[in-house]
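*Asks:* Structure in structure tokens, see below.
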Amino acid sequence: MSENEVASNKPSHVVGIGASAGGLEALEKLLSEMPADLGFAFVIVQHLSPDFESLMDELLARHTPMPIHRVVDGIEVLANSVYLIPPRKEMIIADGKLLLTDRDPAPAFTLPIDMFFRSLADDFGTRAIGIVLSGTGTDGTRGVLEIKKSGGLVLVQAPASSKFDGMPRSAVGTGVADKVLDPEMMGATLQAISSASPSFSSLTLLEEEAEATPHWRILIVLRERYDIDFTLYKPGTIGRRIERRMAIGNIGSSGDYLTRLRQDGDELENLYRDLLIGVTEFFRDPQAFEILYKNVLDDMANKLSNERSLRVWTPGCATGEEAYSLAIMLHELATLKNKPLNVKIFATDLHPGALEAAGAGLYRKETLSNVSDERLERYFIAQSDNRTYRVSPELRRMVVFAPQNVTKDPPFTKIDLVSCRNLLIYLQQPIQDKILSLFHFSLNKGGVMFLGPSETAGVVESEFDVVDRHWRLYRKRRDARLTSVSRFPVSSMSPVAPMIPTGQIPMVSDSAEMPSIPPSPQSETIRLLKTYDALLDMYMPAGFLVDIRGNVIHVFGDVAPYTRSLMGRPTIDLLDIVVDALKIAVGAGIQRAAKERSLISYGGIRLGDDENGQIVTVTARRVQTSQVVDTSRPEHILLTVAPQQDPPLQVSPQGHGENIIPVEALDISVEARERIRALEYELRYTKEHLLATNEELETSNEELQATNEEMMASNEELQSTNEELHSVNEELYTVNAEYERKIAELTRLTADMDNLLQSTDLGTVFVDTEARIRKYTPAVASTFSLIPQDVGRPIDHFAHRIRDPHMMDHIRQVLETGERIEREVQNRAGDWLLMRILPYRTEEASIEGAVVTLVDVTQLKGTEEQLNQSLRDLRVSNQELQQFAHIVSHDLKAPIRHIHAHCLKMRGLIGDSNAEVAGLLDRTTTSVKHMNGLIEGLLAYSRIGAGGAEMTPTDLNSVFQTVVQQAQEEIDGADAVVVADPLPTVLGDRIQLVQLFQNLIENAIKFRAASRPRVYVAAKPRGQHWVLSVQDNGIGVDPKFAESIFEVFRRLHDSETYPGTGMGLVICRKVVDRHGGRIWLDRRGGMGSTFYFTLPMMEADFTDEAIQIEQTLDELVGSLQLENGAPAPKLGD
């Protein structure tokens, strides 16, 4: 790359991104919404494991088109590129190049994000941008301070959107974050910066310098109208709120908006309300309130009594949710401990509207989400609309709402708990320090200060013991006067207002342009005070206003002749300020004025060592205000110094009940003795104070020793915790190793899947829920004319070669219903394809797409057509054979009848004359009968094959009775017993079922043994079938013939012993087959035979259990269990 190309590719800004635990998701969201052409370079510094290679570059590449580089030492950062820190390295940036160093291999506490941010601030200054994302700890907090100090920009992920909010909360707590956003919102912010000026000091002050004056004048207008100095707020907060109102009103510049505010009082009120940021809720941060309840309020409630009240102050209460939350907890504790409810909560705020809403105590139901059902029922009253609730009267009586500006109004005193959460974060640091000092002043010793999670005790932290550092609970250690309470300047002209451009003193001289905004009473008071100061300068003699300790409070007139030049540290002690000649008179005057109500005057005091020195008179008098009840101790003392007149005049105190006292000549010895006595008294007091202080120090030393022991114990606990962390770390390494193995397995599986898709001849397309192509196999590419770049495009954008105009409708149907669709379709070449569309289901069984599969079934289709044709031919042949058998059997019966008739006639003619011929005729007659039986059997068999009668509900009990009646002659002749259990009704052909039972029962009687024949018929349900059995005690059948006995003309005995045709069981099987059942012989052998056959149940007889059995058991297995394991029915006599 040439030098010109490198120069043109230099980034306008470098964005340092710090992330730790949970940072991957945040980085993905950040880069997904980040424009790729901003001209910025992005450097990601993440806490990485030293033992495993990071896959961050592969993971992030899916979310941004910008090139991603793993940093190598000395790489130059270029615009529109992303850089990742490698493992086991620390990184800085210098001269636009990233420099790497090896991390110390020994376990140590490192802050790589802080290190990089500091170098980024040094190298790029105002072109540096720091972003802090999800993570634990505080890494990045110090770095953002450096970036802000150099004039850069700081963005922080909103803690609510962070998986781990330690780093974001710590960065927000610095107060330098320009914006706190979700990661996906940061891209738009950076895009706005890229189109603005190349350098900036604050996101909200990107306007031209010339527009700073209108911006400042907006705050002047607000101060004049509402008597609130918003210059004490953080400029970023004020700027964002003003810009928000400008955006809402579609106003382009601050000047136009200033004009709008001067003309529109409603808009000024809206801006005022926005700037106050009244964000609050009941029990905000429930865990914090739980700790407050257990660690603070519980102890305070124990001290409640009729004499001892509990005083709580909640400044910045907004609409009162926090004050009522405290009232609820205190009421619960007082009730639980049976203590008097001697509690008073002072809730203050600037905004009258907010105080009015808080006093009404009316809240919408959705704002009470953190209030438990028990508390809601106990402390709130539902209104008629069922959408709002009002606090109960007893809770309302506990809270006093009052207007107060905490930045300038006096604080409440003798307070046990100050709860000021998320107010200080909007104010600048100096005013934060002042307010914290006021809180310290207002609290009793042992009182508790409760701040927001992003706030700290700041400059007064040394005066507090920490109750809970995370939730910012502090306990006041001692009563001590903090000078910052009374001496902090809060004027808008002070350095607290950095938004005022240098050299521009705010003067609102064009008040005539603002007729709609009247001057406030505060401005009238200021002008009156200035008038008083002018009168004092005109008529007040040279003098000093001091307190009873001699500290100067105010100076009147020209006191230069009476004071001396000071060197070193300044002082406010008047005795150190006045010249030596006045010290005794001044000291004596202060001492006497503090004790006496009369006016004290000393004259004849010569200034200087020569006789020409000026002689002056010193006058001391107490200044007492009417509000002070204890008049024995004055608040202030006024000392005046004036040239002495000759002769000295008497001084009149001008009322107040004082005596007129002449000017006294200063007796040095007397005054010196008075001064010595006063000093001795002060010395004794100082000694006593020192002794008390020494005792306190000894007590503190003991406390420190106890604290040291606690620290040692805590150190041991930390060591054990450290060991536990080491073991947890090892476990994490193990888990990480397992994840790496799983990733390796997934990688192999992915490779296997890719090879399978590439090698299969099966045409398959995977689409998502929007019918966009996710993957496809090469076999289907020609059907849809697909190329690899088409992944991600909707499938209906492609012209396919399938003759199915409804294919897209089928895909959408599968996506909606989850039901598979199969269709046989043809392509344009005439080939047949089996198209299957199935839902793509995840492990959670949710549908995230569809799978379209195309299988070439052209050959299968041809084979199927051939089989169908063969089947049709077989059916025709079968019909012809059945017709042939019927015709042949029918035609044979006539000759056989003739032969049988002739034989009988010839037998009658011959008689007994010729025994041999008679025997031949008898045997011929027998053969003819046998032949006739065969023909009858063939006819019966052919009738069954031809179809028979229509299937109708048939009662098998009736069938059984018909058979018994028809075979009654054979039954009586054999003296047989034929019985049956109750039999079911089935859907069947009655004639054929009679034939079935008749053949089985007649065979049972025919093949009887020597004992009396017994035949038993039974039926049992199984699944959706009836299993019927015909059991006898005859000669039985050898199990090896269990199948062959069902063959045509198959006989096991000669016709002379057991006459028959061998067609009976063949007809039985044919009848059972036609009824959808099967027939078999019990294979166990033994005495007698048992034939089983099944017939389908009627639908009315189905049961859930029967259906389940039928679906889960294979019919063949079930039949074998019945054949081999079912006990044989017991025959009765």
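*Asks:* Any lysines with Cα under 29 Å of the K339 Cα? List them, leaving off those in the same chain fewer than 8 positions away.
*Replies:* Straight-distance partners of K339: K294, K303, K414, K445, K476.
*Asks:* Going by how many other Cβ atoms sit within 10 Å of their own, how do D139, D95 line up, fewest first?
*Replies:* D95, D139
*Asks:* I need T280, T407 ordered by Cβ neighbour count within 10 Å, fewest first. Present the calculation step by step, with values, prior to reporting the outcome.
*Replies:* Values: T280 22, T407 19.
Listing T280, T407 from fewest to most nearby Cβ atoms yields T407, T280.
*Asks:* For E698 paired with D576, estimate the spin-label separation in nm (one decimal), with each label point 7 Å from Cα along the Cα-to-Cβ line.
*Replies:* 3.2 nm
*Asks:* Long-range amide H contacts for T954: which residues qualify at under 5 Å (H placed 1.01 Å from N, peptide plane, sequence gap of 5 or more or a different chain)?
*Replies:* V986, L987, G988
*Asks:* Now for a different question. Quick one: Cα convex hull volume of the stretch 779-830, Å³ per residue?
*Replies:* Normalising the Cα hull of the stretch 779-830 by residue number yields 101 Å³.
*Asks:* Skipping prolines and chain starts, which residues have an amide H placed within reach, meaning under 5 Å, of the one on V343, given they are 5 or more residues away or on another chain?
*Replies:* Sorted by chain and number, the residues that satisfy this are L310.
*Asks:* Right, something else. Return the sequence-ordered ³J(HN,Hα) values of the stretch 419-434 in whole Hz as given by the Karplus equation 6.51 cos²θ - 1.76 cosθ + 1.60 applied to θ = phi - 60°, using x for Gly and Pro.
*Replies:* For the stretch 419-434, the Karplus curve yields 10, 10, 10, 6, 9, 5, 5, 8, 9, 6, 4, x, 6, 4, 4, 4 Hz.
*Asks:* Go ahead and run the numbers for FRET between Q869 and H797, Cβ-Cβ distance against an R0 of 51 Å, rounding to 0.05.
*Replies:* 0.75
*Asks:* What FRET efficiency do you get for R549 and K337 if R0 is 51 Å and r is their Cβ-Cβ distance, rounded to the nearest 0.05?
*Replies:* Efficiency at R0 = 51 Å is approximately 0.70.
*Asks:* Distance cut-off 21 Å, Cα to Cα: go down the list K149/K434; K29/K149; K149/K408; K234/K434; K89/K148; K97/K179 and report the pairs above it.
*Replies:* K149/K434; K29/K149; K149/K408; K89/K148; K97/K179
*Asks:* Here's another thing I want to ask about it. At 7 Å along Cα-to-Cβ for each site, give me the label-to-label distance between S372 and D981 in nm.
*Replies:* Reported label-point gap for S372 and D981 is 6.6 nm.
*Asks:* Which length gain, in nm to one decimal place, applies between N444 and S1011 when the Cα-Cα distance is subtracted from 0.36 nm times their residue separation?
*Replies:* Result for the pair: 192.3 nm of gain on full extension.
*Asks:* Average the reciprocal distances over every distinct pair of alpha-carbons in the stretch 92-173, invert the result, and give the Kirkwood radius in Å.
*Replies:* Details: mean 1/r = 0.0761 Å⁻¹.
About 13.1 Å for the stretch 92-173.
*Asks:* Right, another one. Where in the stretch 831-875 does the label zone of T817 land, with the point 7 angstrom along Cα→C-beta and an amide N cut-off under 18 Å?
*Replies:* 835-841, 847-853
*Asks:* Between D182 and V466, take the C-beta separation as r, use R0 = 25 Å, and let me know the FRET efficiency to the nearest 0.05. Before the final figure, lay out each step's value.
*Replies:* On the way: r = 32 Å, r/R0 = 1.28.
Efficiency computed from Cβ-Cβ geometry: 0.20.
*Asks:* Find the Cα radius of gyration of the stretch 978-1019, compare it with 2.2 N^0.38 Å by division, and give the number to two decimals.
*Replies:* 1.32
*Asks:* Same structure again: Let a ≥ b ≥ c be the square roots of the eigenvalues of the Cα gyration tensor of the stretch 279-487; is it rounded (a/c under 1.5), or, if not, prolate (a/b larger than b/c) or oblate?
*Replies:* Prolate.
*Asks:* Can you give the extra length, in nm with one decimal, that the chain gains between S54 and S253 once fully stretched, where that is 0.36 nm per residue apart less the Cα-Cα distance? Kindly include the intermediate steps, with their values, before the conclusion.
*Replies:* Details: separation 199, 0.36 × 199 = 71.64 nm, distance 4.80 nm.
Between S54 and S253, full extension yields an extra 66.8 nm.
*Asks:* Per 0.36 nm of contour for each residue apart, how much would the distance between K365 and D754 grow if the chain were fully extended, relative to their Cα-Cα spacing?
*Replies:* Between K365 and D754, full extension yields 134.5 nm more.
*Asks:* Moving on to the next point. What whole-number distance in Å separates the alpha-carbon centres of the stretch 377-436 and the stretch 113-177?
*Replies:* Centre-to-centre distance over Cα atoms comes out at 32 Å.
A short reminder: the numbers here are calculations on the coordinates, not readings from a lab. In this text, all values refer to a predicted model and were calculated from it rather than measured experimentally. Virtual Cβ from ideal backbone geometry, glycine too; neighbours counted across all protein chains shown.
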